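Scroll down for the structure; my scribbles are underneath it.
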């Protein structure tokens, strides 16, 4: 992956530190960027939990991993269904029964772009899968993340995958209530606005988490990012849903122009483990990264801390309404 003058000089093949003794969760880890992220980290000794709905798909993915010489790292399945916040919370609680530390949480799983739909709780599905369930999952794990961060020689991080689609969201976006969460939008790019709204929520939670960690003097790094357009299964599936005339063009572009998941995972692997981010905490804490790991401000809304506070409160209120303690 190329580097600009503002990108860090960091080599994903050579500069990942020793991760022996570190415990990591990667959601959506059985395919695409999640799988690639796990592949990079497990070779360096991490103990990784692969968050996925299907045990069969998770085990098949684990069997495809290259653990490297000596097989110092390990990967096991963590049942995780982000379609229901209750199940997301239960998954986090199961993890807490297994482990006494958590060094890195990579919130990678996401719902692909699709038609407007709501869950059984009456909340837009893209907001549930991309924001509300990861919010519950992360909040449930926070006590353990904080305990781990207080131990000597630790480098605890929360990495959440957002998207450049945040730029499609109108400047008037709000998160005051359920109606705001369920915005359907209109026009040709309505689907991108819905996706962008959910990805904006991810970026705002990242900012608010970092603000809270800093206020409590807890040395956890919270970072969000746009990985870029990558030749993943999800991107190819999106291409397959295009008009018959565009379908072969999109598929060709995905296969021949966009980077592979192994290369495309650069930005999120950097966010998860690069010593540069820890050394330059003021620069990277709460940051939004664009490939290759460049600190960016994709739109004004991602920097709006009042909007972040509004989102946080409304998310908690909606969760309580459906009987989930955040």
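None of the figures in this text is laboratory data; all of them are computed from the coordinates on show. These numbers come from a predicted model, not from an experiment. Here Cβ is always computed from backbone atoms with ideal geometry, including for glycine, and neighbour counts include all displayed protein chains.
Taking a ≥ b ≥ c as the square roots of the eigenvalues of the Cα gyration tensor, region 1-93 is prolate, since a/c reaches 1.5 or more and a/b is larger than b/c.
Each principal axis of region 140-193 carries a Cα extent, and these read 53, 24, 16 Å when sorted largest first. Note on region 263-326: along the principal axes its Cα atoms extend 41, 24, 23 Å, ordered by decreasing extent.
Each peptide in 280-289, 149-158 receives the mean, over its residues, of other Cβ atoms within 10 Å, and ordering these scores from highest gives 280-289, 149-158.
Take every DSSP beta bridge whose two residues both sit in the chain; close to 15 percent of them are antiparallel. Take every pair of alpha-carbon atoms less than 8 Å apart whose residues are at least six positions apart; their mean separation over the length of the chain yields a relative contact order of 20 percent. When the convex hull of its Cα atoms is viewed from all sides, region 84-155 shows a mean projected area of 5.2 nm². Based on the convex hull around the alpha carbon atoms, the chain presents an average projected area of 16.3 nm².
Expressed in units of 2.2 N^0.38 Å, where N is the residue count, the Cα radius of gyration of region 1-159 is 1.08.
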